[in-house]
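Have a look at the structure below, then the notes.
The values are calculated or read from the model by the stated rules, or taken from the named source; none is laboratory data. Predicted model, so just to flag it, every value in this text is computed and none were measured. Neighbour counts are summed over all protein chains in view; Cβ atoms, including those assigned to glycine, are modelled from backbone coordinates with ideal geometry. For the accessible areas, the whole protein counts, side chains as well, though only heavy atoms, and no ligand, DNA or RNA atoms are used. Shrake-Rupley method; radii C 1.70, N 1.55, O 1.52, S 1.80 Å.
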Amino acid sequence: MRCSQQSTPVFRADIVMNVTLEELSAFIAVVDTGSITAAAEQLGQTTSGVSRALHRLEQKLGTTLLRRTTRRHELSDEGRTFLRHARAILAAVDEAEETMALSRQRPAGRLRINAAPSFMRHVITPLIGEFRQRYPAITLELDTNDRIIDLLEQRTDLAIRIGTLRDSSLHARPLGVSRLRLVASPDYLARHGAPASVGDLSRHTLMGFSQLPQLNRWPLHDAHGEELEITPVLAASSGDTLRTLALDGQGIVCLADFITRRDLEAGRLAEVLPNQRLERQQSIQAVYYRNTQLSLRIRVFLDFLAERLEGRL
C-alpha cells in the first residue's frame, strides 16, 4: 500500500478503513503528551503496546507520522494532515456512543420552553404530537412571549430566540435561518394594484412592528441604496397579528417564511416585489444558560427540533 508523498498527502479510504480505534488513540495520545511513555500512562497501557500500535498505524498508511527528537515525538507533514482525520474519527465514534447511550435511557420530567407566539404556533406546536409520542414521560410547558425573558427568573429550561443573540451568558444551538419577504393578500393586490417598484410602496398601506423597530427595515434598497426603513401605518407587537391583518387584506407586511410559508403555498398570500428583494434571513437559535447542566430532556428536544426543522424554516 502506498501513501501520496505530496506536501498535502491524500490517505486512501480503503487504507484508513483498516485502521483500528486503538491505533488512532495511541497516535493522538503520543501527539498530545509528547512521548510514548506519557501516552501509555494516559491510556493505561504498556509502553510497548502503544509503540506497537503506532508502528502498525504507520505501516498501514505507508508513511512516517511521528519523528522522534532528543526530547519528544514531533509530527511529520503527513502526520499533521492525518491527525485532523484521526481526531474527527474518534469524535464521531464518541458522539455515536453517546447517542446510543441516550437512546437506552428514558428522558422524563418537566420541560418548559419559551418562544415568540408566531414561532410557537407555526413551528413548534405542529411538532408537539410527534415529540410526545416519542418521549411520553416528558411533561411540556409551552410559554409564549414577544419580549426576551430572563430564563432563570421565569424558570424556563429552553428558549427559542430569533435574530442576533446578545446575551453572552447564554449557550446557543443554531436551528436554522428563515428568509424575510414582503407579502400581501391577492385581494389587497387586486384592489390596490401590485407595486412594480420600491417607490410604488409609498402609495400602499404598509404594516409593521410596534415594539421591534429593527423589523421595520425591509429587505429592499431605497432611493439612496440603503435598506428600506418603513414607518408603518398599521403596527402590531406580534408577527402573527400582522399575518392575520395581511390575510384580511389590510396591507403589505414583511414577515419571516416560517410564519407565511403555508399561506404562500396555498395562495392565501402572495409575495410582493420578489425580483427586488434582498437576500436577508433571520437566524433561529435555541438557548439555555451556559452553566446549566444539560439534562437529557433538553438534549432530546434540541435533537428533535434540529432533525425536524432542517431545511423547513
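Search segment 244-297 for residues being open to solvent by less than 30 Å² (accessible area, probe 1.4 Å) and among the acidic types (Asp, Glu), and hand back the single one that is farthest from residue 214 (Cα to Cα).
Taking the candidates together, the pick is 263.
Just to verify a result, which residue in segment 103-142, among those that are charged (D, E, K, R) and in a strand (DSSP E or B), is least open to solvent (accessible area, probe 1.4 Å)?
Once the filter is applied, the top-ranked residue is 112.
So, in segment 21-68, exactly how many residues are part of a loop (DSSP other than H, G, I, E, B) and either without any contact (Cβ under 8 Å) to a residue 60 or more places away in the chain or of a type in the set (Ser, Thr, Tyr) (or both)?
8
Keeping to segment 206-221, report how many residues are at pLDDT 90 or above and surrounded by fewer than 18 Cβ atoms within 10 Å (Cβ to Cβ).
3
So in segment 214-264, with the set limited to residues that are in a helix (DSSP H, G or I) and of a type in the set (Gly, Ala, Ser), which one is farthest from the chain's Cα centre (by Cα)?
Among residues in segment 214-264 that are in a helix (DSSP H, G or I) and of a type in the set (Gly, Ala, Ser), the one farthest from the chain's Cα centre (by Cα) is 246.
For residues in segment 174-200 being farther than 14 Å from residue 273 by Cα and modelled with pLDDT of 95 or more, which is surrounded by the most Cβ atoms within 10 Å (Cβ to Cβ)?
188
Checking the condition more than 30 Å from residue 110 (Cβ to Cβ) and either touching a strand residue (DSSP E or B) at 6+ places or on another chain (Cβ under 6 Å) or modelled with pLDDT under 95 (or both), which residue from 302, 264, 269, 255 passes?
Step by step, each of 302, 264, 269, 255 is checked, and only 269 is more than 30 Å from residue 110 (Cβ to Cβ) and either touching a strand residue (DSSP E or B) at 6+ places or on another chain (Cβ under 6 Å) or modelled with pLDDT under 95 (or both).
Return yes or no: is residue 241 surrounded by 15 or more Cβ atoms within 10 Å (Cβ to Cβ), without any contact (Cβ under 8 Å) to a residue 60 or more places away in the chain and polar (S, T, N, Q)?
Spelling it out, residue 241 is indeed surrounded by 15 or more Cβ atoms within 10 Å (Cβ to Cβ), without any contact (Cβ under 8 Å) to a residue 60 or more places away in the chain and polar (S, T, N, Q).
Please work out if residue 171 is open to solvent by 60 Å² or more (accessible area, probe 1.4 Å), touching a Phe, Trp or Tyr at 6+ places or on another chain (Cβ under 8 Å) and more than 20 Å from residue 257 (Cα to Cα).
yes
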